[in-house]
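Undergrad: To start, I am sharing the structure in question, which I have written as structure tokens.
The values are calculated or read from the model by the stated rules, or taken from the named source; none is laboratory data. Fair warning: this is a prediction, and the values are worked out from it, not measured in the lab. Backbone-built Cβ (ideal geometry, glycine too); neighbour counts: all protein chains shown.
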2 protein chains.
Amino acid sequence: MINQGDPFEGLYIVHCGMLKQSYQRRYDELITHFFLPGDVIGLDAIGYRCYAGTVATVETSGLRLIPFRCIEDLSSPEARLKELICCLSEAMHDEHTRLWQILNQPSDVKVAGFFITMSYKFRNQGCSPHSFRLPMSRQEIANYLCMASETACRIIKRFQKQGLLSARGHEYCILDPEGLTSIAEQ
Amino acid sequence: MINQGDPFEGLYIVHCGMLKQSYQRRYDELITHFFLPGDVIGLDAIGYRCYAGTVATVETSGLRLIPFRCIEDLSSPEARLKELICCLSEAMHDEHTRLWQILNQPSDVKVAGFFITMSYKFRNQGCSPHSFRLPMSRQEIANYLCMASETACRIIKRFQKQGLLSARGHEYCILDPEGLTSIAEQ
DNA sequence: CGTCCGTTTGAAGAGTATCAATCCGTGTGG
DNA sequence: CCACACGGATTGATACTCTTCAAACGGACG
């Protein structure tokens, strides 16, 4: 889809499905974003005129391109530009939240926070916040949360034993939102 | 100066000195930014209309305020808005870089990367990239890099033994830039 | 001189990564 | 229809980095 370093051609709005953005180094990569419907892809590409990471689908997805010239075009209404500015700033803020979620927190807090965040995003889409499907693999979740996939497995299993959630394949049920939240906000 | 949650009043451009932005939780705080001359404070506050973190001086600093109304004012030239958009996007990208620097990397890589980044920033200001003063404490550096202050101490001491840099109080000399870079890019 | 705060140093412990093996579901070819 | 293989998921044992706790040290300042 999009490769890290590709020249910036425009923003993409996600209509359906799920995508991931990853930042590549020598031999490994770090997943920096999961994009759900309503999210904007490419905000971090405007300034340096090239995409900051590789974007790939996690499941079949629908996108809409907003070409670069529409952003750069001086004749576009200023309202749009300001909308974009707010969008950028909010994305930056959300990034801080994620950064905090991950840094300095033990793994179980990170995993709990991940499921709470996902639940919240599905609720915003009008889907059930208690039962949903996450198309990404455990390894991708672990990478996103910066931990070994084995660690993610063990914690998910522990959460199941504690009755906090159930996981069968890619289907997840949040059984105890309060319990998970209390762990995430530890 | 600025407290987390304060209503957004405008952006600040740093003219001289150094400041820090920290994100506060229950009992602890995470330093998310060190602002050097040329940096912009408050980009992450535009969208949600309130400052995302507490900003405080690390040493005496000079700032210039760009009031909110200048940003919101419809009559402002569009060129300025687009400049702001690029600024936001670049800041977001730089944030990714920092996020990567910290996540998943052993402590010595983080510390080496920190000094390389600082050296680079001083060079951009026209100061010596080999010898400079960092007004922040070791504890603040450690917090910024998400590690215990003792760990930061030990690594700085090890770097000194290896002849990579020298540190006397807040004065630092980069003795072996290539050596540090090779550790940082590990 | 004594106190305070930041720095440094040491020893112990917790948490997580790593490695290795096994399990499981899916798809493939005979 | 049934082995078989493959990738992901799971589980266990081990090693290691880093944090934590505790204490000593140093300079700044009243």
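Undergrad: Just one of A:F34, A:F8 is farther than 23 Å from A:F122 by Cβ and either among the basic types (K, R) or buried (at least 16 other Cβ atoms within 10 Å of the Cβ) (or both); which is it?
TA: A:F8
Undergrad: Residues in region B:31-45 that are at negative phi and touching a His at 6+ places or on another chain (Cβ under 9 Å): how many?
TA: Count: 6.
Undergrad: Could you check how many residues of region A:118-152 are within 16 Å of DNA strand D (Cβ to nearest atom), crowded, with 18+ Cβ neighbours inside 10 Å and small (G, A, S)?
TA: Going through region A:118-152 one residue at a time, the tally reaches 2.
Undergrad: Kindly establish whether A:I155 is crowded, with 19+ Cβ neighbours inside 10 Å, within 11 Å of DNA strand D (Cβ to nearest atom) and more than 19 Å from A:Q21 (Cβ to Cβ).
TA: Spelling it out, A:I155 is indeed crowded, with 19+ Cβ neighbours inside 10 Å, within 11 Å of DNA strand D (Cβ to nearest atom) and more than 19 Å from A:Q21 (Cβ to Cβ).
Undergrad: Here's another thing I want to ask about it. Could you pull out every one of the helices (runs of 4 or more DSSP H) wholly within region B:109-186 that has 1 or more residues that are away from DNA strand C (no atom under 16 Å from the Cβ) and among the small types (G, A, S)?
TA: Result: B:177-184.
Undergrad: Further question on the same structure: When you scan region B:116-151, how many residues do you find that are of a type in the set (S, T, Y) and closer than 20 Å to B:T181 by Cβ?
TA: Total meeting the criteria: 6.
Undergrad: Select from region B:48-79 the residues that are at pLDDT below 80 and loosely packed, with under 14 Cβ neighbours inside 10 Å and list them in ascending order.
TA: Correct list: B:R69, B:C70, B:E72, B:D73, B:L74, B:S75, B:P77, B:A79.
Undergrad: Also: Considering only region A:158-186, state which residues are without any contact (Cβ under 8 Å) to a residue 12 or more places away in the chain, more than 10 Å from DNA strand D (Cβ to nearest atom) and touching a strand residue (DSSP E or B) at 6+ places or on another chain (Cβ under 9 Å).
TA: A:S166
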